[in-house]
Amino acid sequence: MCGIVGYIGHRDAYPIVIKGLQRLEYRGYDSAGIALYDGASVNLCKTKGKVEDLKKKAKSEISLSGNLGIGHTRWATHGVPNDVNSHPHYSNSGDLVIIHNGIIENYESIKKELIKRGYTFESDTDTEVLVNLIEEVKLKENVMLGQAVQIALNEVVGAYAIAVFDKKKPDEIVVAKLGSPLAIGIGDNEFFIASDASPFIEFTNNAIYLEDEEMAIIRLGKEIKLRKIKNDAVAYPNILELQMNIEEIEKGGFDHFMLKEIYEQPRAILDTYRGRLLAKQGIVKMAGIDQHLDKFLNANRIIIVACGTSWHAGLVAEYIFENLARIPVEVEYASEFRYRNPIITENDVVIAISQSGETADTLAAIKLAKENGAFVFGVCNVVGSSIARETHAGAYTHAGPEIGVASTKAFTTQITVLTLLALKLAKEKELFTDSQFHEYLTELETIPSKVEKALESNPLIEIIADVYKDSTNCLYLGRGYNFPVALEGALKLKEISYIHAEGYPAAEMKHGPIALIDEHMPVFVIATNKGHYEKVVSNIQEIKSRKGKIIAIVTEGDVQVKELADHCIEIPETFESLTPLLTTIPLQLLSYHIAVMRNCNVDQPRNLAKSVTVE
Ligand code: M6R
């Protein structure tokens with residue numbers, strides 16, 4: 001969590017750092033800060049609140065000039081969000097200035113030692129401890145900043161992406177990474193530093209993503225020097241050419257990123273299967289899997305590990321893999337899996353799903369699976385992310401940057417990739433005839449236009465949202481493929497509108513939640529025409545007889561549910577296994593509109609962050 005940005009070069013650093021922080025605000029937004037070197041001194045400003053608050057404060061309090069700057073947007077771990085705990089932090093001498101994303105776990109013992117040596121601390125943060133440890137090493141060992149950073153980092157336990165500079169040597173920024181992402185943009189004798197490439201994409205397409213336990217000394221007029229933190233070995237920069245463009249990371253006329261990303265889903269799903277789904281030839285091509293097909297085909301089982309929305313996509317995939325490819329699947333919360341001594345064998349295939357590719361629990365689950373000999377396949381959106389690099393093979397979702405904290409297009413594109421994978425395996429196992437396979441691929445190709453159709457219900461959904469915006473509790477029900485969609489619908493509502501919501505398999509309602517139903521309880525029911533339709537209709541009857549309000553997602557042309565429900569939202573007809581790609585759309589829009597009507601911060605809901613890089 002937290003976003004870091006830095007610049008050193010010939011341009012004014014302030015606008016670059018501020019704009020970069022705004023783009024990274026999805027990573028954390030409880031406080032923000034900036035430090036600029038103007039050629040003579042450091043001007044530092046920080047505040048509790050958003051980057052917008054920082055801008056106002058900085059304008060009135062500090063000089064905004066200088067060609068070197070670092071900035072930070074925070075999601076608090078150590079120390080409450082306030083001005084003092086915000087980054088950047090100075091060392092005691094005032095010479096070193098640092099920004100940090102991550103957690104230094106052994107900061108308390110280091111702090112005690114530093115206090116004994118006369119250091120004082122203003123904040124409650126682990127970061128202020130780190131910058132003073134670097135200073136202590138630098139002075140004691142009489143070494144340059146880069147070496148001091150390296151020695152200090154060998155003493156700390158935890159995770160970090162840091163950028164630090166010394167005001168006495170302002171042609172240089174030192175950066176290092178372990179567990180938190182760090183990208184370096186390379187321009188013409190100018191360098192950008194950021195948690196992801198979005199802050200510098202309009203300046204350069206060339207970037208280096210630091211590997212874990214790597215650090216870099218970025219000096220004007222010199223080549224970047226990369227080295228391993230542990231053993232001092234020289235590392236060679238792998239300069240990537242980025243494909244991202246500026247339009248992808250701006251709102252493009254929408255009020256919120258979340259709404260933009262909901263509307264991007266037809267394009268995103270198409271991009272996910274583009275070049276992979278060849279319906280006419282009856283082929284699914286996935287470069288990441290071809291040489292590892294045996295692993296999947298001989299697997300005892302597939303274990304899916306993920307968190308949050310990605311975990312819900314994993315649950316949908318469980319139905320898809322078992323039904324289409326007849327491979328047993330277990331779906332695990334990464335956070336539980338990593339700590340419960342799971343039984344993993346060399347015959348297991350682990351699929352790790354993550355939009356950001358940085359989720360700490362998912363990363364730890366991958367490492368555990370690898371240690372136990374499992375083959376690990378990643379499904380990530382962010383290219384070059386830690387999970388993409390840590391897994392043996394994988395498939396990107398190609399959804400494009402997802403900035404809204406509430407995941408939307410990540411979910412549907414993850415399901416799309418996993419469906420392609422299941423189809424490929426099913427074909428290899430000869431579980432489909434050629435014509436069935438062709439029919440399936442052709443139907444999958446219609447999904448983007450069917451999502452467009454589902455989006456047309458937006459005006460109706462806005463009206464329904466207005467009716468239920470003041471609810472305090474909601475229930476979401478679905479069965480089979482759409483049970484995970486019910487969970488996802490409830491999560492979307494909770495996280496952005498702060499209304500309590502529960503997702504349940506529809507048949508489980510009578511084992512408890514039915515007690516909650518009265519005239520004040522809205523129940524969102526997914527009741528598409530295939531897969532247990534009659535049974536869901538019975539569940540709807542049970543809700544109706546207890547006076548619950550029913551909002552149903554139905555297939556176009558539905559008659560039965562329409563007679564019972566208070567509101568119906570139609571989606572186009574498709575194969576049962578593909579319905580989650582459509583039923584989730586109205587639920588995303590509903591939570592979006594309810595959150596807007598409740599004046600909630602849709603893109604940056606309270607207490608959350610986009611990438612959860614702490615446990
Ligand atoms: O980046 P990841 O997919 O690994 O993130 C997992 C969860 O943190 C994420 O899905 C979270 O639950 C979202 N806020 C849901 O909208």
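The values are calculated or read from the model by the stated rules, or taken from the named source; none is laboratory data. Quantities reported herein were computed from a predicted structural model and do not represent experimental measurements. Neighbour counts run over all protein chains shown; Cβ positions are idealised from the backbone, glycine included.
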| request: Could you please give the count of residues in segment 57-113 that are β-branched (Val, Ile, Thr) and either within 16 Å of PRO170 (Cα to Cα) or not in a loop (DSSP other than H, G, I, E, B) (or both)? | output: 8
| field | Members of segment 388-417 found to be surrounded by fewer than 24 Cβ atoms within 10 Å (Cβ to Cβ), of a type in the set (A, V, I, L, M, F, W, C) and in a helix (DSSP H, G or I), listed by number | value | ALA388
| task | Give just the number: which of (1) touching a Leu at 6+ places or on another chain (Cβ under 8 Å); (2) at pLDDT below 95; (3) not aliphatic (A, V, I, L, M) does GLN436 not satisfy? | result | (1)
| said: Kindly evaluate ARG301 against the criterion of being more than 16 Å from the ligand (Cβ to nearest atom), surrounded by fewer than 19 Cβ atoms within 10 Å (Cβ to Cβ) and at pLDDT below 95. | reply: no
| said: Restricting to segment 37-76, name every residue that is farther than 24 Å from ILE218 by Cα and aliphatic (A, V, I, L, M). | reply: VAL51, LEU54, ALA58, ILE62, ALA76
| request: Select, from ARG598, ARG546, ARG606, the only residue that is under 23 Å from LYS469 (Cα atoms), basic (Lys, Arg) and within 16 Å of the ligand (Cβ to nearest atom). | output: ARG606
| Restricting attention to segment 517-567, and to residues there that are closer than 22 Å to ASN473 by Cα and among the basic types (Lys, Arg), which single residue is surrounded by the fewest Cβ atoms within 10 Å (Cβ to Cβ)? | LYS547
| What number of residues within segment 361-415 are touching a His at 6+ places or on another chain (Cβ under 8 Å), closer than 16 Å to GLU248 by Cβ and near the ligand (Cβ under 10 Å from one of its atoms)? | 2
| note | Of the candidates THR613, THR579, the one satisfying the condition of being touching a residue at least 60 places away in the same chain (Cβ under 8 Å), within 16 Å of the ligand (Cβ to nearest atom) and among the hydroxyl-bearing types (Ser, Thr, Tyr) is THR613
| request: Please work out if GLN541 is assigned by TED's automatic domain parsing to the domain that holds PRO484, within 16 Å of the ligand (Cβ to nearest atom) and not small (Gly, Ala, Ser). | output: no
| task | State the number of residues belonging to segment 316-366 that are closer than 25 Å to LEU210 by Cβ and either modelled with pLDDT under 95 or of a type in the set (A, V, I, L, M, F, W, C) (or both). | result | 14
| message | So, LEU145, is that one surrounded by 21 or more Cβ atoms within 10 Å (Cβ to Cβ) and within 28 Å of the chain's Cα centre (by Cα) or not? | response | no
| task | Please verify whether segment 348-365 includes one or more residues that are closer than 16 Å to VAL329 by Cα, polar (S, T, N, Q) and either part of a loop (DSSP other than H, G, I, E, B) or in contact with a Ser or Thr (Cβ under 7 Å, 6 or more places away or on another chain) (or both). | result | no
| Going by the structure shown, is ILE543 at pLDDT 95 or above and aliphatic (A, V, I, L, M)? | no
| task | Please list, ordered by first then second residue, the pairs with beta carbon atoms under 7 Å, 6 or more apart or interchain, first in segment 358-385 and in the same structural domain as ALA422 (by TED's automatic domain parsing) and aliphatic (A, V, I, L, M), second in a strand (DSSP E or B) and away from the ligand (no atom under 15 Å from the Cβ). | result | ALA374/ASP348; ALA374/VAL349
| request: Say whether the condition of being part of a loop (DSSP other than H, G, I, E, B) and among the β-branched types (Val, Ile, Thr) is met by at least one residue in segment 588-596. | output: no
| message | When the residues of segment 282-310 are narrowed to those that are among the hydrophobic types (A, V, I, L, M, F, W, C) and in a loop (DSSP other than H, G, I, E, B), which ends up farthest from ARG326 (Cα to Cα)? | response | CYS307
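Condition check ((1) under 25 Å from ARG389 (Cβ atoms); (2) loosely packed, with under 15 Cβ neighbours inside 10 Å; (3) within 16 Å of the ligand (Cβ to nearest atom); (4) among the aliphatic types (A, V, I, L, M)) across all residues:
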| site | (1), (2), (3), (4) |
| --- | --- |
| LYS285 | yes, yes, no, no |
| ILE289 | yes, no, no, yes |
| CYS307 | yes, no, yes, no |
| ALA313 | yes, no, yes, yes |
| TYR319 | no, no, no, no |
| query | What residue, among those in segment 222-270 that are among the acidic types (Asp, Glu) and farther than 21 Å from ALA197 by Cα, is surrounded by the most Cβ atoms within 10 Å (Cβ to Cβ)? | reply | ASP255
| field | Where a residue in segment 452-474 is on the phi > 0 side of the Ramachandran plot and its partner, wherever it lies, is outside any loop (DSSP other than H, G, I, E, B) and of a type in the set (D, E, K, R), with Cβ under 8 Å and at least six apart | value | none
